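Reviewing the structure listed below.
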Amino acid sequence: QVQLVESGGGLVQAGGSLRLSCAVLRSIFVIADMGWYRQAPGKQRELDATISTGGSTNYAASAKGRFTISTDNAKNTVYLQMNSLKPEDTAVYYCNAEVGRYRTNYWGQGTQVTVSS
């Protein structure tokens with residue numbers, strides 16, 4: 001059973017915006033701290049933003065002021081609104097759910113974001 005499904009990636013010009021969506025299995029969504037990560041070619045996966053079950057958010061320095069993470073509890077969905085995109089934001093973006101005392105991780109399949117200069 002697929003737990004997390006991302007969508008919303010694509011090709012955008014520098015300075016543009018995209019909104020990524022991640023539909024989450026409800027049984028996971030209601031107990032998980034959610035996050036968005038990126039992985040550029042040849043680089044390690046790195047954190048962009050997280051949102052806790054209580055709604056607290058945290059951003060990487062590169063994302064702060066440009067990206068916004070949010071959730072829609074009625075839709076079991078987490079979003080990443082990305083504004084003022086730069087070519088260096090080009091990467092595969094992954095949705096993550098972290099659950100429980102032992103911090104079990106669930107990952108989506110990833111969605112490609114390409115920012116042209």
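The values are calculated or read from the model by the stated rules, or taken from the named source; none is laboratory data. Only a predicted model underlies this, so the values are computations on that prediction, with no experimental measurement involved. Please note: Cβ atoms are built from the backbone with ideal geometry, for glycine as well, and neighbour counts cover all protein chains shown. Accessible surface is based on the protein model in full, side chains and every heavy atom, while ligands, DNA and RNA are left aside. Shrake-Rupley method; radii C 1.70, N 1.55, O 1.52, S 1.80 Å.
Annotations for the structure displayed:
- Gained length - V30 relative to S7, 0.36 nm times residue gap less alpha-carbon distance: 6.3 nm
- The listed peptides 27-34, 52-59, ordered by packing as a protection proxy, come out as 27-34, 52-59 (highest mean of other Cβ atoms within 10 Å first).
- Using alpha carbons only: equivalent-ellipsoid semi-axes of region 26-83, gyration tensor based, whole Å: 21, 13, 10
- R0 of 22 Å, Cβ-Cβ distance Q44-Q109: FRET efficiency to nearest 0.05: 0.75
- Compactness relative to 2.2 N^0.38 Å, alpha carbon Rg of the chain: 1.00
- Shown for the chain: the carbon plus sulfur share of the solvent-accessible area, taken with all protein chains present and a 1.4 angstrom probe, equals 47%.
- Solvent-accessible area per residue, Å², over the chain with all protein chains present [probe radius 1.4 Å]: 54
- Ordering of 104-117, 72-85 by burial proxy (mean other Cβ atoms within 10 Å per residue, highest first): 72-85, 104-117
- Sequence-distant lysines (8 or more away, or on other chains) whose Cα lies within less than 27 Å of K75: K64
- The label point for D72 and the one for R101, both projected 7 Å from the Cα toward the Cβ, are 3.5 nm apart.
- One chain, two ends: K86 and A14. Fully extended at 0.36 nm per residue, the span grows by 25.4 nm beyond their Cα-Cα distance.
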